[in-house]
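What follows is a short report on a single structure.
The values are calculated or read from the model by the stated rules, or taken from the named source; none is laboratory data. Predicted model only: the values in this text are computed from it and were never measured. Don't worry about glycine lacking a Cβ; one is built from the backbone with ideal geometry, like all the others, and counts go over all protein chains shown. Areas reflect the complete protein model, heavy atoms only, side chains present, ligands, DNA and RNA absent. Shrake-Rupley method; radii C 1.70, N 1.55, O 1.52, S 1.80 Å.
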Amino acid sequence: MFRIKTLNKISPAGLSVLEQSRFAVSSDLTDEDGVLVRSADMHAYAFPDSLRAIARAGAGTNNIPVDRCSEAGIVVFNTPGANANAVKELAVCGLLLASRKVVDGAAWVRTQAGMGADVEQAVEKGKSQFVGPELMGKTLGVVGLGAIGVQVANIATKLGMTVYGYDPFLSVDAALSLSRLVHRALDLETIYKNCDYITVHVPLTPDTRGMICTDSIQMMKGGVRILNLARGGLVNDDDMLLALESGKVAAYVTDFPNNKIVQGKNVIPIPHLGASSPESEENCAVMAAQQLREYLENGNIKNSVNLPTLEQEWSGIARLCIIHRNIPGTIAGITKVLSEENVNVENMTNKSKKDYAYTVVDINAKIKDLVVDEIRAIDGVLRVRFLSH
């Protein structure tokens, strides 16, 4: 039986994926084989030797020490696309909030009522201060055309906007899903110079950290409106505050508020609601649990942030699942051990992702623990699992 530890409250729909006959699931068990997590910080988490996989019910993995997991041969999964609709809808809301001054207007109406004014008369006299532009006919730049960015770009075309999308790593699936009305930008400068609204939907990496800064803002149109529903850290707060004060940026919608940015003029802070819908939480939980179950039971990997996608149909009675460094000689070492033990390989697949690789070997024989130990001793091998069909 596999032992799964939950570090946050996980949707019952997700937990139902893990059959009670094969999985023990609890928030307080030890020697876990897998972890299901949402937002809990795992950077100080002590990995037991039994831990094989961590599944994050969400797209971001900043709360997980991915590098340490890789070195320990632990697969880290996320759930890209499971919350895409929720974030897309919030992006539409953000575009409207950035334009129509609804937040300021609603707060002002409440103050009028609190002061004892006749609200009906007050709003007719004061509404002009909250006038804002329509979205139709404006230009939107979408930076990052993943599962979320594609949906945002597509729906914006239906709102009558001219849409530019930029993503140097556009996947085949995303390209097929992208509306033909969306213009592909070949560089960020095209987005910055041409768009009235800009929304970013990229992961936080050393390359994207602070990508919205003084240099990029200077290239933008005056009065641009910017949305960040993707990650904290993509926007340089100090530079954004200066741009807002000068009017270069007319409004900034962020789902990642902090003590500094909330003080800015025309900042619309949202309390990290991007994936906070019952439907999204359920979708993420189900996907995370499915990926965790598939890896633990069959050794197949899909949507891992630190290891390659590898899905292989069973073609033997047993399976070796080997996580190793992406270095020469490892595959030869594995086949040499099996050959010396007179074990025939029925099927073998090897895939790599940057510094790490994953090899699945199907065999038609039970093997001795000694064979697993010999493979474990090969230079670069980090984890070996033996599964019986």
- If you take the Cα atoms of the range 5-91, find Rg, then find the Kirkwood Rh from the mean of 1/r over all pairs, what is Rg/Rh? 0.98
- Query: In deg cm²/dmol, rounded to 500, what helix-only [θ] at 222 nm does the chain give when every DSSP H run of at least 4 residues adds -39500 (n - 2.57) and the total is split over its residues?
  - Reply: -9500 deg cm²/dmol
- Surface share of carbon and sulfur [accessible, 1.4 angstrom probe, percent] for the chain: 50
- Can you give the accessible area per residue of the range 102-243, in Å², using a 1.4 Å probe? 52
- Once label points are set 7 Å from the Cα along Cα→Cβ at both L188 and E311, what is their separation, rounded to one decimal in nm? 3.4
- Query: Could you name the aspartates and glutamates in cross-link range of K248, using Cα to Cα under 15 Å and dropping any fewer than eight places away on the same chain?
  - Reply: D196, D215, D237, D238, D239
- Query: How many Lys pairs in the range 296-371 lie less than 26 angstrom apart by Cα atoms, where the lysines are 8 or more positions apart or on different chains?
  - Reply: 10
- Dividing the mean separation of Cα pairs under 8 Å (6+ apart) by the residue count of the chain yields a relative contact order in percent of 15
- Message: Once you order the gyration tensor axes a ≥ b ≥ c over the Cα atoms, which shape class does the range 350-389 get: rounded for a/c under 1.5, otherwise prolate or oblate by comparing a/b with b/c?
- Response: oblate
- Query: When the scattering of the range 217-305 is computed by the Debye formula from its Cα atoms alone, each counted once and equally, what is log10 I(q)/I(0) at q = 0.12, 0.17, 0.19, 0.23 Å⁻¹?
  - Reply: -0.53, -0.74, -0.83, -1.05
- Query: Tell me, what is the 1.4 Å probe accessible area of E189, in Å² to the nearest 10?
  - Reply: 80
- Query: How large is the Kirkwood hydrodynamic radius of the chain, in angstrom, based on all distinct alpha carbon pairs?
  - Reply: 23.5
- Provide the packing ranking of 60-71, 324-335, i.e. peptides ordered by the mean count of other C-beta atoms within 10 Å per residue, highest first. 60-71, 324-335
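Pulled fully out, how much extra length does the chain show between V262 and N347, if you take 0.36 nm times their separation in residues and subtract their Cα-Cα distance?
Once the chain is fully extended between V262 and N347, it gains 24.9 nm.
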- For the range 245-286, what is the accessible area per residue in Å² when the probe is 1.4 Å? 52
- Once the Cα atoms of the range 166-227 are picked out, what are the Rg and Dmax in Å? 12.6, 35
- Task: Subtract the Cα-Cα distance of S339 and T205 from 0.36 nm times their separation in residues, and report this length gain in nm to one decimal.
- Result: 44.0 nm
- What is the Cα convex hull volume of the range 1-152 when expressed per residue in Å³? 189
- Provide the percentage of antiparallel DSSP beta bridges, counting only those with both residues in the chain; round to the nearest 5. 40
- Accessible surface of V103 in the full protein assembly, 1.4 angstrom probe, to the nearest 10 Å²? 70
- Query: For the pair D67 and F130, what calculated FRET efficiency results from E = 1/(1 + (r/R0)^6), where r is the Cβ-Cβ distance and R0 = 35 Å, to the nearest 0.05?
  - Reply: 0.15
- How high is the relative contact order of the range 204-293, in percent, counting Cα pairs under 8 Å that sit 6 or more residues apart? 24
- Would you mind getting me the FRET efficiency between E297 and R376? Use the beta-carbon distance for r and R0 = 22 Å, nearest 0.05. 0.55
- Using alpha carbon centers only, the range 304-351 is separated from the range 60-139 by a whole-angstrom value of 47
- Item | Proximal lysines relative to K158, as straight alpha-carbon distance under 26 Å, when same-chain residues fewer than 8 apart are discounted | K88, K101, K138, K193, K221
- Principal axes first, then extents: for the Cα atoms of the range 232-368, list largest minus smallest coordinate on each axis, whole Å, largest first. 74, 36, 20
- Message: Need the full-extension length gain, Q121 to V92, defined as separation in residues times 0.36 nm minus the C-alpha distance. One decimal, nm.
- Response: 7.4 nm
